[in-house]
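Below is one structure, written out as C-alpha cells; the observations come after it.
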Amino acid sequence: MVTLVVATTTDSASIGPASAILAMPGWHPGPLFQDMSSFVNMDVRLLKHDHSIVREDHLDKRWEEATGEVVDEVIFLSKHVAASNRPALTIHPIGVPHLREDEVPPAGGKPGWAAPPNPRIGPWLRLLKVIAESHNLTPEFEVTLEATHHGPEINSPTMFVEIGSTEEYWKRQDAAQAIALLVWEGLGLGGGAAVGDWSRYNQYNDTCLSNCF
C-alpha cells in the first residue's frame, strides 16, 4: 500500500513544499501518470500536475488502475486563503457535506459528500506546531485545524496541508521548508517512526474519526 502526496505547479504554496521534499534524499523518478510526473521514495508517491488541485477527482482510484498499487491515504499540498489575510499553516479534511444536491460546489467535490479524514490529522497538527516553533514561524504564522471544505472527490483517507493566506506567504521558503519537514518526518522518510500511522487494518487499534464542520 502506498501514500500519495499531491502537488500542483499552478500553486506556489503547493509546488514550493513539494520541491523542498524532493530535494531530500531517497527520491527517484516514478512512472509518467496521465500527464503527471511521479516520484518514488519507499512507499510514498509524490505526484506533480499542472491543474487545479481541488478538481483532480479520484486520483487514488486512477493511480491504482494505472499502477496496480493500492492507495492507503492521500495528502494534498495547497494554498490557504482567508479574508483575514493572516499568515497560517493549516491542516484539514475535505468534502462539501453541507451542500444540497442541487448546489454547485464552488471549489470541487460533490454535494453531500466528504472524504474519510486522514487519521494523521491530529498527530500532524501537533507535529506542525513543534516544527513551526522550532523554525521561528510562530507567532507570525498561526498553526490551525480548518473545517471540512472543498474537493477533490476521493475515497481514500485524505487531508490538505496548506500555507496561507496571501501570495506573499504562499511563496515563503521557510514556510515551504516547514511543510516539507512535516511530510518528511510525518511519513517516516527520514528513518524515524511515521507519525499517526494508524493502519485501518490493525486489529489492535480502535479508531474513531470525524469531520469538522
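The values are calculated or read from the model by the stated rules, or taken from the named source; none is laboratory data. Quantities reported herein were computed from a predicted structural model and do not represent experimental measurements. Please note: Cβ atoms are built from the backbone with ideal geometry, for glycine as well, and neighbour counts cover all protein chains shown. All accessible areas refer to the heavy atoms of the entire protein, side chains included, with ligands and DNA or RNA removed. Shrake-Rupley method; radii C 1.70, N 1.55, O 1.52, S 1.80 Å.
Results, tabulated for the structure shown:
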read-out: Relative packing of 26-36, 75-85, 129-139, which averages over residues the other C-beta atoms within 10 Å, highest first; value: 75-85, 129-139, 26-36
read-out: FRET efficiency estimate (nearest 0.05) - Cβ-Cβ, GLU168 to TRP27, R0 41 angstrom; value: 0.90
read-out: Apportionment of accessible area to carbon and sulfur, the stretch 6-73, percent (1.4 Å); value: 54 percent
read-out: Accessible surface of the stretch 141-192 [probe 1.4 Å, protein heavy atoms]: carbon and sulfur percent; value: 45 percent
read-out: ASP43 versus GLU69: modelled label distance in nm, points set 7 Å from Cα along the beta carbon direction; value: 1.2 nm
read-out: Other-chain or far-sequence residues with amide H under 5 Å of PHE33's (modelled H); value: SER38
read-out: Set of aspartates and glutamates with alpha-carbon distance to LYS79 below 12 Å, sequence-local pairs under 8 removed; value: ASP11, GLU162, GLU167, GLU168
read-out: Distant-in-sequence amide H partners of VAL195 (H built 1.01 Å from N, under 5 Å); value: LEU187, GLY188
read-out: Average accessible area per residue (Å²) across the stretch 150-201 - probe 1.4 Å, nucleic acids and ligands excluded; value: 39 Å²
read-out: Per residue accessible area of the stretch 23-84, 1.4 Å probe, in Å²; value: 49 Å²
read-out: Nearby aspartates and glutamates by direct alpha-carbon distance to LYS61 (threshold 14 angstrom, same-chain neighbours under 8 apart not counted); value: GLU69, ASP72, GLU73, GLU153
read-out: Residue-wise HN-Hα coupling along the stretch 53-68, computed from phi with Karplus coefficients 6.51, -1.76, 1.60 (Hz; x: Gly, Pro); value: 6, 8, 10, 8, 6, 6, 4, 5, 5, 5, 5, 4, 5, 7, 10, x
